[in-house]
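*Asks:* Quick one: structure below, then a few questions.
The values are calculated or read from the model by the stated rules, or taken from the named source; none is laboratory data. Bear in mind the structure is a predicted one, so any value in this text is a computation, not a measurement. Cβ placement follows ideal geometry from the backbone for every residue including glycine, while neighbour counts extend to all protein chains displayed. To get the accessible areas, we keep the full protein, side chains included, count just its heavy atoms, and leave off ligands, DNA and RNA. Shrake-Rupley method; radii C 1.70, N 1.55, O 1.52, S 1.80 Å.
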Amino acid sequence: MFAFILAAVLTQSPVAPAEPSPPPAPGTPEAAPTVPLSALPPATHELFQRIEGQVAQVRIIERRSGTRSSIGSAFFVSAAGHAVTNYHVVSDVVIHPEDYTAELVLKGGGEPVPVRLVDVDVVHDLAIIQTATPVQSFFDLDDREPPQGARLFAMGNPRDLGTTIVEGTYNGFIHDALYERLHFSGAINPGMSGGPTLTGEGRVVGVNVATMGNQVGFLVPVKRARALLARALEAKDSGAQALLDTVRAQLLDNQQRVTERLLGAPLPRQTLGSYRVPGRWGTFLKCWGDTPHDPEVPYTVTNYQCSSEEDIFVSSRHRTGVVAFLHQHATSQKLGALRFSALYSALFSQDPDVVAATRQDVTNYRCQLEFVDVAGLPVRAALCMRAYRKFPGLYDLVLRAATLNASTSGVDTSLTLAGFTADNGRKLARRYLEGLSWTK
């Protein structure tokens, strides 16, 4: 069952001039000043009728069956038929061009229009597609940020129900985010990805990209779409391999930016029992901790973990651009050294919670186990890496380490880096290990 949300409609009727009101009696609060009709935004239905033809549905077609595999939204931004959508809407065309193609369904239905994929921005989840024929109307992209609380309208094709407009509120940039996003308090549903969010005057401020439900939506800032369009207008015809090369270059640039940001910042230390461990390394990391309480268990494990909570969508089966780590402080006053050692070894042997990828995307992990000395603290460390098949030079890296200085306590820790070069991954892992110490 679908939940239908109706946008509020503002209508105005002509009113005869009123006689001037007498001044209020002394002590009576004055009424709020009346907003001139010319200053009010247009009615929602007027806005919808004016720009409906500039928004289209994107269909991704599986070549063998000739049927849709997914849908999204797009909006025109040039007379030559260029349109903006999300990268994740057209990702199958980028990663598997031999199996997928894309088309647009325009206002009024009719036969779908084939499109070509011109350029992508995988980090900010944007793409430019283009029809073979010009269009009569399109959006101009500027870069004026609306005030906090401004009334906005998101458009798209939610759940294949046709072009829809929903009302919401602008709440500015997400603070301390690794990847730029705007917070939109409105209903963005599956199928609306790639559609525009705009002011009542029809000015695009962002591109629909994600939702957490309950009127919590996210937009890509329009400045990112404007920059990608400028590059696409200068681009020559490029094939499938050129698009993959573009994605690879963007992922390489992104991991370099993140690496420099982390290495250029001090590594905070967090107290965990009698140990000090890496804390919130960057403002984009969200950290939390917990200690489960079970009186029947003869040991205690306190967890402290931090994660970027954001990733980069490469395909429906492959995510990257993640920084995350987990500390587990284990201690016991009831277990002897031998039984505690078995528990501790089990913690170390647990599979890391790595980011999503398939065998078509990455190789198997290769690990190197070493015993290292971290400023006098003995540590067992395993460094595991797997390579990206379509993007040479990029890897997922997992560092597992466990302190070995005590018989009935210790810290088991893991660092996960997705989409980094081997050199940058090792630099970050080394810096991370330097954050371990014993306070006694």
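*Asks:* Tell me, yes or no, whether the stretch 358-380 has at least one residue that is under 25 Å from Gln270 (Cβ atoms), in contact (Cβ under 8 Å) with a residue 12 or more places away in the chain and part of a helix (DSSP H, G or I).
*Replies:* No, every residue in the stretch 358-380 fails to be under 25 Å from Gln270 (Cβ atoms), in contact (Cβ under 8 Å) with a residue 12 or more places away in the chain and part of a helix (DSSP H, G or I).
*Asks:* How many of the residues in the stretch 335-381 are open to solvent by 100 Å² or more (accessible area, probe 1.4 Å) and modelled with pLDDT under 85? First the steps, then the outcome.
*Replies:* So in the stretch 335-381, the residues open to solvent by 100 Å² or more (accessible area, probe 1.4 Å) come out as 338-339, 351, 353, 359-360, 364, 366, 368-369, 371, 373, 375.
Now restrict to residues that are modelled with pLDDT under 85: 338-339, 351, 353.
Summing the residues that are open to solvent by 100 Å² or more (accessible area, probe 1.4 Å) and modelled with pLDDT under 85 in the stretch 335-381 gives 4.
*Asks:* Which of the numbered conditions does Gln148 fail, given that it passes all the others? Conditions: (1) exposed (fewer than 15 other Cβ atoms within 10 Å of the Cβ); (2) under 19 Å from Leu219 (Cβ atoms); (3) at pLDDT 95 or above.
*Replies:* Exception for Gln148: condition (3).
*Asks:* Only one residue in Ser332, Ser307 is open to solvent by less than 30 Å² (accessible area, probe 1.4 Å), out of contact with any Gly (no Cβ under 8 Å at 6 or more places or on another chain), free of Cβ contacts under 8 Å to residues at least 24 places away in the same chain and at negative phi, so which one is that?
*Replies:* Ser307
*Asks:* Could you check the stretch 239-287 and list, in sequence order, the residues that are over 27 Å from Gly376 (Cβ atoms) and among the β-branched types (Val, Ile, Thr)?
*Replies:* Within the stretch 239-287, Thr246, Val247, Val258, Thr259, Thr283 qualify.
*Asks:* While we're here: Restricting the search to the stretch 66-113, which residues are closer than 19 Å to Pro134 by Cβ and among the small types (Gly, Ala, Ser)?
*Replies:* From the stretch 66-113, those closer than 19 Å to Pro134 by Cβ are 74-85, 102-108, 110-113; that's our starting set.
Result: Ala74, Ser78, Ala79, Ala80, Gly81, Ala83, Ala102, Gly108, Gly110.
*Asks:* Failed condition for Pro278, given (1) within 30 Å of Asn86 (Cα to Cα); (2) open to solvent by less than 30 Å² (accessible area, probe 1.4 Å), with all others met?
*Replies:* (1)
*Asks:* For the condition surrounded by fewer than 18 Cβ atoms within 10 Å (Cβ to Cβ), within 21 Å of the chain's Cα centre (by Cα) and at pLDDT 95 or above, what is the one hit in Thr197, Thr169?
*Replies:* Values: Thr197 fails: surrounded by fewer than 18 Cβ atoms within 10 Å (Cβ to Cβ).
Matching residue, one of Thr197, Thr169: Thr169.
*Asks:* I need the full set of residues from the stretch 252-309 which are farther than 30 Å from Tyr388 by Cα and basic (Lys, Arg), in order please.
*Replies:* If the condition is that a residue be farther than 30 Å from Tyr388 by Cα and basic (Lys, Arg), then Arg269, Arg276 are the ones that fit.
*Asks:* Please work out which residue is least open to solvent (accessible area, probe 1.4 Å), limiting yourself to the stretch 387-406 and to residues that are basic (Lys, Arg) and within 23 Å of the chain's Cα centre (by Cα).
*Replies:* First, pick out the residues of the stretch 387-406 that are basic (Lys, Arg): 389-390, 400.
From what's left, within 23 Å of the chain's Cα centre (by Cα): 389-390.
Values: Arg389: 133, Lys390: 76 Å².
Ranking the candidates gives Lys390 first.
*Asks:* Please identify the pairs in which a residue from the stretch 187-202 that is at negative phi and free of Cβ contacts under 8 Å to residues at least 40 places away in the same chain has its Cβ atom under 9 Å from the Cβ atom of a residue that is open to solvent by 10 Å² or more (accessible area, probe 1.4 Å) and among the charged types (D, E, K, R), counting only partners at least 6 apart or on another chain.
*Replies:* Listed pairs, sorted by first residue: Asn189/Arg159; Pro190/Arg159.
*Asks:* A further question follows. Evaluate the stretch 70-79: report whether one residue or more is open to solvent by 10 Å² or more (accessible area, probe 1.4 Å), in a strand (DSSP E or B) and free of Cβ contacts under 8 Å to residues at least 40 places away in the same chain.
*Replies:* Checked the stretch 70-79: at least one residue is open to solvent by 10 Å² or more (accessible area, probe 1.4 Å), in a strand (DSSP E or B) and free of Cβ contacts under 8 Å to residues at least 40 places away in the same chain.
*Asks:* Hey, among the residues in the stretch 138-185 that are in a loop (DSSP other than H, G, I, E, B) and of a type in the set (A, V, I, L, M, F, W, C), which one's nearest to Ser70 (Cα to Cα)? Spell out the reasoning first.
*Replies:* Just the residues of the stretch 138-185 that are in a loop (DSSP other than H, G, I, E, B), to begin with: 138-150, 157, 161-163, 174-181.
From what's left, of a type in the set (A, V, I, L, M, F, W, C): 138-139, 141, 150, 161, 174, 177-178.
Details: Phe138: 24, Phe139: 25, Leu141: 27, Ala150: 32, Leu161: 14, Ile174: 28, Ala177: 28, Leu178: 28 Å.
Result: Leu161.
*Asks:* Residues of the stretch 245-288 being of a type in the set (Lys, Arg) and more than 17 Å from Glu310 (Cβ to Cβ), which ones? Before you say what the answer is, go through the steps one by one.
*Replies:* Taking the stretch 245-288 first, the residues of a type in the set (Lys, Arg) are 248, 257, 261, 269, 276, 280, 286.
Answer for the stretch 245-288, where residues must be of a type in the set (Lys, Arg) and more than 17 Å from Glu310 (Cβ to Cβ): Arg248, Arg269, Arg276.
Let's see how each residue does on (1) open to solvent by 50 Å² or more (accessible area, probe 1.4 Å); (2) farther than 23 Å from Ala418 by Cβ; (3) among the basic types (Lys, Arg); (4) modelled with pLDDT of 95 or more:
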site	(1), (2), (3), (4)
Arg224	yes, no, yes, yes
Leu229	no, yes, no, yes
Lys236	yes, yes, yes, no
Ala242	no, yes, no, no
Gln250	no, no, no, yes
Leu263	yes, no, no, yes
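*Asks:* Quick check on Thr133: is it open to solvent by 40 Å² or more (accessible area, probe 1.4 Å) and not in a strand (DSSP E or B)? Spell out the reasoning first.
*Replies:* Details: open to solvent by 40 Å² or more (accessible area, probe 1.4 Å): yes; not in a strand (DSSP E or B): yes.
Yes, satisfied.
*Asks:* Go through the stretch 83-124 and give me each residue that's over 24 Å from the mean Cα position of the chain (by Cα), within 26 Å of Gly202 (Cα to Cα) and open to solvent by 10 Å² or more (accessible area, probe 1.4 Å).
*Replies:* Glu103, Val105, Leu106, Lys107, Gly108, Gly109, Gly110, Pro112, Val113, Val115
*Asks:* Can you find a residue that is touching a Gly at 6+ places or on another chain (Cβ under 6 Å), assigned to a helix (DSSP H, G or I) and aromatic (Phe, Trp, Tyr) anywhere in the stretch 338-346?
*Replies:* First pass over the stretch 338-346, keeping only residues touching a Gly at 6+ places or on another chain (Cβ under 6 Å): 344.
Imposing the further condition that a residue be assigned to a helix (DSSP H, G or I) reduces the set to 344.
Now narrow it down to the ones that are aromatic (Phe, Trp, Tyr): 344.
Yes, because at least one residue in the stretch 338-346 is touching a Gly at 6+ places or on another chain (Cβ under 6 Å), assigned to a helix (DSSP H, G or I) and aromatic (Phe, Trp, Tyr).
*Asks:* A further question on this structure: Restricting attention to the stretch 407-440, report how many residues are assigned to a loop (DSSP other than H, G, I, E, B) and open to solvent by 40 Å² or more (accessible area, probe 1.4 Å).
*Replies:* In the first step, residues of the stretch 407-440 are kept if they are assigned to a loop (DSSP other than H, G, I, E, B); the result is 407-408, 421, 434-436, 439-440.
This time we only want the ones that are open to solvent by 40 Å² or more (accessible area, probe 1.4 Å), so: 407-408, 434, 439-440.
Qualifying residue count for the region: 5.
*Asks:* Can Gly186 be described as surrounded by 17 or more Cβ atoms within 10 Å (Cβ to Cβ), modelled with pLDDT of 90 or more and under 17 Å from the mean Cα position of the chain (by Cα)?
*Replies:* Values: surrounded by 17 or more Cβ atoms within 10 Å (Cβ to Cβ): yes; modelled with pLDDT of 90 or more: yes; under 17 Å from the mean Cα position of the chain (by Cα): no.
For Gly186, the condition - surrounded by 17 or more Cβ atoms within 10 Å (Cβ to Cβ), modelled with pLDDT of 90 or more and under 17 Å from the mean Cα position of the chain (by Cα) - is not met.
*Asks:* Follow-up. If I ask for residues that are touching a residue at least 60 places away in the same chain (Cβ under 8 Å), among the hydrophobic types (A, V, I, L, M, F, W, C) and more than 21 Å from Glu52 (Cα to Cα), which ones from the stretch 164-186 would you list?
*Replies:* If the condition is that a residue be touching a residue at least 60 places away in the same chain (Cβ under 8 Å), among the hydrophobic types (A, V, I, L, M, F, W, C) and more than 21 Å from Glu52 (Cα to Cα), then Ala177, Leu178 are the ones that fit.
*Asks:* Run down Phe173, Phe218, Phe184 and say which single residue is among the aromatic types (Phe, Trp, Tyr) and within 30 Å of Tyr388 (Cα to Cα).
*Replies:* Working: Phe173 fails: within 30 Å of Tyr388 (Cα to Cα); Phe184 fails: within 30 Å of Tyr388 (Cα to Cα).
After ruling out the rest, the residue left standing is Phe218.
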